[in-house]
Amino acid sequence: MKLRLIIGTLLVVAIVAPLALPSYQVTLLNYIGLYSLVVLGLVLLTGVAGMTSFGQAAFVGLGAYTTAYLTTSEQLPAWLSWTAGSPWIALIVGLVLTAVVALLIGSITLKLSGHYLPLGTIAWGISLYYLFGTLPAMGGHTGLSGIPSLTLFGISLKSSEDMFYLLWALLLAAVLITANLLNSREGRAIRALKNGQLMAESMGINTFRSKMIIFLISALFAATSGWLYAHMQRFVNPTPFGLGMGIDYLFMALVGGVGHVWGAILGAGILTMLKQWLQDWLPSILGSDGQYETIILGLLIVLLMQKSPEGLWPNLLKRLPASWKPYTKKAQPTAKTDLSNAAPLDKRSLPTKGTKVLEAKNITRRFGGLVANNQVSFTLYSGEVLALIGPNGAGKSTMFNQLSAVDTPSDGDVYFLGENLKGKTAREVSHMGMSRTFQHVKLIPSMTVLENVALGAHQRGQKGVLSAAFHSERQEEQQILAEAKYQLERVGLGEYLYHEAGSLALGQQRILEIARALCSDPCVLLLDEPAAGLRLQEKQALSELLNKLRQEGMAILLVEHDMDFVMNLVDRIVVMEFGEKIAEGLPEEIQTNPAVLEAYLGGAA
Ligand code: ADP
Ligand code: MG
């Protein structure tokens, strides 16, 4: 997207607006800016990371009340006297307080899933709201008044026009920071939260940490908005920080387009203007009683959700010329950035050929009465390809989940590089050097092929949120993307780097998963039906790649139904049926094993 052009236009409009508009409209724009800041956080939290929060208004309240209290109290307690009534210090105190509260609340609620998470946000949203109204020092339900206006470089920001510049500058900074963040290593992890937590953990990503980061950022944006609000309004009471406003913020995000950064401003703008407009006009049509605007607004929102569930921003984008769009489904001959100069990431050294790397010892996994794996044992050595075969439902994928710690065996042990994996998480196992693909492809369809694969290299980078927000992690980012590109070229998807992953054929998506797994620099690779859906040529290419990896010393375990593929490639085969291992041996042994022929091939010998 031509981000610079949008920002440039907005800047010009923003600079001219307060000079050209009447004061009350500037105030309206200020409110839009205040709301946008909160909604921007919600877009991140709800739209990007998939966590619905009704409680954002409470964080706005925290920011507002902190500064209201610190700047209006005649006599601050001794331990707070250093704040000296300065709104700027109050901003920092408010942000720190909000961060602490968000960490506390987040550590409890972010573990909730499904409907429980939004319900949890309602619960603490209400609690904080009542806290504001109850604490005597906060002025009860009357609130606090006499909040000073802000002063910046000696200039008093008393008028709406003055506040306008500060407010919109802060908002723009927040948008830029957000856009930077989303285009980074941490950002990719955050974007993977919505539909790929199991996959993300298997790629070594700490999903709880990512959730916490985004929860914190959205809370800090809200608190900043609250601080601005307090100094603009010059008094606070609990009303604007309750659940009702929390819902309004969500509506703004929905209307604008909940997954889109710019949708935040659009949504906040449209709903605020519409409400204002309805408030002005409806009484003259319907008489002055009743809050008709709320009813009509509600109906309009329902209609919009029907017509455009994605919100207005994506609709607007659709109408833009193609050259503006970030990525198109067609291949882009020129890469977005030149990745050829990036230094390679550190690589782990592979164990010497023939080392025992992975061992399943009497693995049993029961699902209720069903025994999906029953006392299965086998060993995988570095520099070999071992096939796990067997009819559908034999328990192969279940075994993969036990090996990679995605699931926990009911009985038995997995040893990886000599270490018992009992109690280890999929993430830890991934960090130890095991990587996998999934039978049912798990990728983020809306992310590019390159970004999806870069998720695999997440654990090989270190740069965090702050460097991402200020874009000082470019070097590492280039390294990660270069690695992703290299692995994609290696698996033969080099021409699809900037395509949406969801637009690839299913077979290609499987291959993408192999590139993603390779990106994590593993020494053991588990591939669940990698050749399914591939054409003959693609299968041959895959076979060659796996052969090469084997020569390098990789240990590869694969589940595959294509017997030609298996027999021509692998070193050894383990056969499963009804959860049990029924045979193990060289391909030629397996081909003539009576038990295998009987069970696996239905006796067709
Ligand atoms: P395969 O990969 O060999 O085709 P699976 O490992 O996917 O087989 O499945 C083995 C058996 O375990 C099947 O009967 C399947 O329905 C059952 N199964 C797998 N996962 C679960 C689960 N999470 N809950 C209950 N049953 C499961
Ligand atoms: Mg399976």
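Can you compute 3J(HN,Hα) from phi for each residue in region 236-241, using the Karplus curve 6.51 cos²θ - 1.76 cosθ + 1.60 with θ = phi - 60°, rounded to whole Hz and x for Gly and Pro?
Taking θ as phi minus 60°, the curve returns 10, 9, x, 3, x, 10 Hz for region 236-241.
Out of the DSSP beta bridges found with both residues in the chain, what percent are antiparallel (nearest 5)?
That works out to approximately 60 percent antiparallel.
For residue 576, what residues show an amide H to amide H distance below 5 Å, using hydrogens built from the backbone and excluding near sequence neighbours?
HN-HN under 5 Å from residue 576: 389, 390, 582.
Taking the Cα centre as origin and putting +1 on Lys and Arg beta-carbons and -1 on Asp and Glu beta-carbons, what dipole magnitude results for region 446-501, to the nearest 20 debye?
So the magnitude is around 160 debye.
Pull out the extension gain between residue 11 and residue 145, defined as 0.36 nm times the separation in residues minus the alpha carbon to alpha carbon distance; nm, one decimal.
Length difference between fully extended and current span is 44.9 nm.
Applying 1/(1 + (r/R0)^6) with R0 = 45 Å to the Cβ-Cβ distance of residue 552 and residue 176, what FRET efficiency is obtained, to the nearest 0.05?
My answer for the efficiency is 0.60.
Using 13 Å as the cut-off for backbone N distance, which residues of region 104-147 belong to the label zone defined by a point 7 Å from the Cα of residue 235 along Cα→Cβ?
139-147
Within 10 Å, count the other beta carbons around each residue, average over each peptide in 307-314, 519-526, and list them highest first.
Sorting 307-314, 519-526 by mean packing, highest first, produces 519-526, 307-314.
I need the peptides 262-272, 440-450 ranked by packing, meaning the mean over residues of other C-beta atoms within 10 angstrom, with the highest value on top.
Ranking the peptides 262-272, 440-450 by packing returns 262-272, 440-450.
222 nm [θ] for the chain, helices only, -39500 (n - 2.57) per DSSP H run of 4+, per residue, to 500?
My calculation for the chain gives -17000 deg cm²/dmol from helical runs alone.
Give me the number: length gained by fully extending residue 586 to residue 152, i.e. 0.36 nm times residue separation minus the C-alpha to C-alpha distance, one decimal in nm.
The span from residue 586 to residue 152 would gain 148.5 nm if fully extended.
Taking amide H positions as placed in the peptide plane 1.01 Å from N, state which residues far from residue 381 in sequence (5 or more) or on other chains have amide H under 5 Å from it.
Long-range HN contacts for residue 381: 357.
Modelled label-to-label distance, residue 320 and residue 537, 7 Å Cα→beta-carbon offset: nm?
3.6
Kindly list the residues of region 367-400 that lie in the label zone of residue 420, defined by a backbone N under 18 Å from the point 7 Å along the Cα-to-C-beta vector.
375-378
Sequence gap at least 6, Cα distance under 8 Å: using those rules, report the relative contact order of region 1-113 to the nearest whole percent.
Relative contact order, region 1-113: 16 percent.
Rounded to the nearest 5, what is the percent of antiparallel bridges among the DSSP beta bridges in region 355-601?
Antiparallel bridges: around 55 percent, rounded to the nearest 5.
What are the ³J(HN,Hα) values, in whole Hz, obtained from phi via the Karplus relation 6.51 cos²θ - 1.76 cosθ + 1.60 with θ = phi - 60°, for each residue of region 218-230 in sequence order, with x given for Gly and Pro?
Once rounded to whole Hz, the list reads 5, 5, 5, 4, 5, 5, 4, 4, x, 4, 4, 4, 4.
When the Karplus curve 6.51 cos²θ - 1.76 cosθ + 1.60 is applied with θ = phi - 60°, which whole-Hz ³J(HN,Hα) does each residue of region 567-581 get, with x for Gly and Pro?
5, 7, 10, 7, 8, 9, 9, 10, 10, 10, 8, 6, x, 10, 7
What does the extension gain come out to for residue 361 and residue 563, with contour length at 0.36 nm per residue minus their alpha carbon separation?
70.1 nm is the gain from fully extending residue 361 to residue 563.
Coordinate-derived values only; no laboratory data. Remember, predicted model here, so these are calculated numbers, not experimental data. Positions of Cβ are generated from backbone atoms using ideal geometry, with glycine treated the same way; all protein chains shown enter the neighbour counts.
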